[in-house]
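K.L.:
What follows is a single structure, and I will ask about it in a moment.
The values are calculated or read from the model by the stated rules, or taken from the named source; none is laboratory data. Because the structure is predicted, anything quoted here is derived from the model rather than measured. FYI the Cβ positions are ideal-geometry reconstructions off the backbone, even for glycines, and counts take in every protein chain you see. The area values use the complete protein model at the heavy-atom level, side chains included, leaving out ligands, DNA and RNA. Shrake-Rupley method; radii C 1.70, N 1.55, O 1.52, S 1.80 Å.
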Amino acid sequence: MRDESRHPRHPRQPRPPGKDAPVPKVWTGRATNRMQWVAAVAGAACMALGITLAVDSAWTSGIAALLMAVIGCVAAGLLVLFGTLAFVHVEVTVDDEAMEVRCGHIGVPRRRILLSHVVGADYIPRVTPHEWGGWGYRWRPEKGKAVIVRRGEALILRMDDGRTFTVTVDDAELGVRVIRDRLRPGTPTEPTSA
């Protein structure tokens with residue numbers, strides 16, 4: 001007999017809606033990259049080094065060298081810190097009018113794309129930062145623009161001017177279904193539950 005105290009039953013996870021299921025009125029998808037915190041710690045350490053140099057310096061080579069070292073460490077630390085914290089996670093929201101992409105904890109950088117300028121949306125099962133030249137807000141002439149926070153599934157928008165926009169996000173396949181549904185006017189949607 002199975003010991004329930006050692007192996008409790010877990011409720012079944014809800015299955016994702018099928019391709020014929022109604023889509024929600026507002027869809028929100030997220031993706032997170034916890035590895036970015038390692039780079040954020042490195043940026044904070046660089047800033048701490050600059051502050052330590054400014055406060056407790058025994059340099060004899062002069063004030064100019066000390067100032068350049070302090071300013072360099074603090075500036076580099078701030079750049080690394082902002083660059084990594086801005087892309088720790090991404091949130092994508094699709095409503096009746098637009099798709100909005102918000103990065104990081106404060107939502108900057110932010111991109112809002114009106115669905116009236118979108119001609120199509122596609123699901124990509126695997127995107128890697130290597131394809132785009134790293135994490136973050138990326139631009140490649142042959143591929144378009146992208147927000148890449150981790151490897152994995154993504155959605156890609158095709159604009160009416162020929163440009164594309166890619167974003168890595170969990171449940172990207174449902175996001176593509178929602179966008180395609182919005183591009184076909186007159187399709188009823190399922191209200192979201194609070």
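K.L.:
Does region 85-138 come out rounded, prolate or oblate, given a ≥ b ≥ c as the square roots of the eigenvalues of its C-alpha gyration tensor, rounded meaning a/c under 1.5 and, failing that, prolate meaning a/b above b/c?
P.N.:
Oblate shape, in that a/c is at least 1.5 and b/c is the bigger or equal ratio.
K.L.:
Once amide H atoms are built 1.01 Å from N in the peptide plane, which residues 5 or more positions from residue 170, or in another chain, come under 5 Å H to H?
P.N.:
30, 31
K.L.:
Considering amide H positions built from the backbone, and no H for Pro or chain starts, which residues 5 or more places from residue 153, or on another chain, come under 5 Å of its amide H?
P.N.:
Counting only residues 5 or more places away or on other chains, the set is 127.
K.L.:
Can you work out the Karplus-derived ³J(HN,Hα) for every residue in region 45-52? Use 6.51 cos²θ - 1.76 cosθ + 1.60 with θ = phi - 60°, whole Hz, and x for glycine or proline.
P.N.:
In residue order, the calculated couplings are 5, 5, 5, 4, 4, x, 5, 4 Hz.
K.L.:
Continuing with this model, one more query. Probe of 1.4 angstrom, ligands and nucleic acids ignored: what's the accessible area per residue over region 37-155, in square angstrom?
P.N.:
Per residue, region 37-155 has 55 Å² of solvent-accessible surface.
K.L.:
At a 1.4 Å probe, what is the % contribution of carbon and sulfur to the accessible area of region 37-166?
P.N.:
Here it works out to 66 percent.
K.L.:
While we're looking at this one, here's another question. Determine, from the Cβ-Cβ distance of residue 34 and residue 163 and an R0 of 35 Å, the FRET efficiency 1/(1 + (r/R0)^6), rounded to the nearest 0.05.
P.N.:
With a Förster radius of 35 Å, E is 0.70.
K.L.:
If you plug each phi of region 155-172 into the Karplus form 6.51 cos²θ - 1.76 cosθ + 1.60 with θ = phi - 60°, what whole-Hz ³J(HN,Hα) values come out, in order, with x for Gly and Pro?
P.N.:
10, 10, 9, 10, 8, 6, 9, x, 7, 10, 9, 10, 9, 7, 7, 5, 6, 4
K.L.:
Using amide H atoms built 1.01 Å from N in the peptide plane, name the residues 5+ places from residue 26, or on other chains, whose amide H lies under 5 Å from its own.
P.N.:
Counting only residues 5 or more places away or on other chains, the set is 192.
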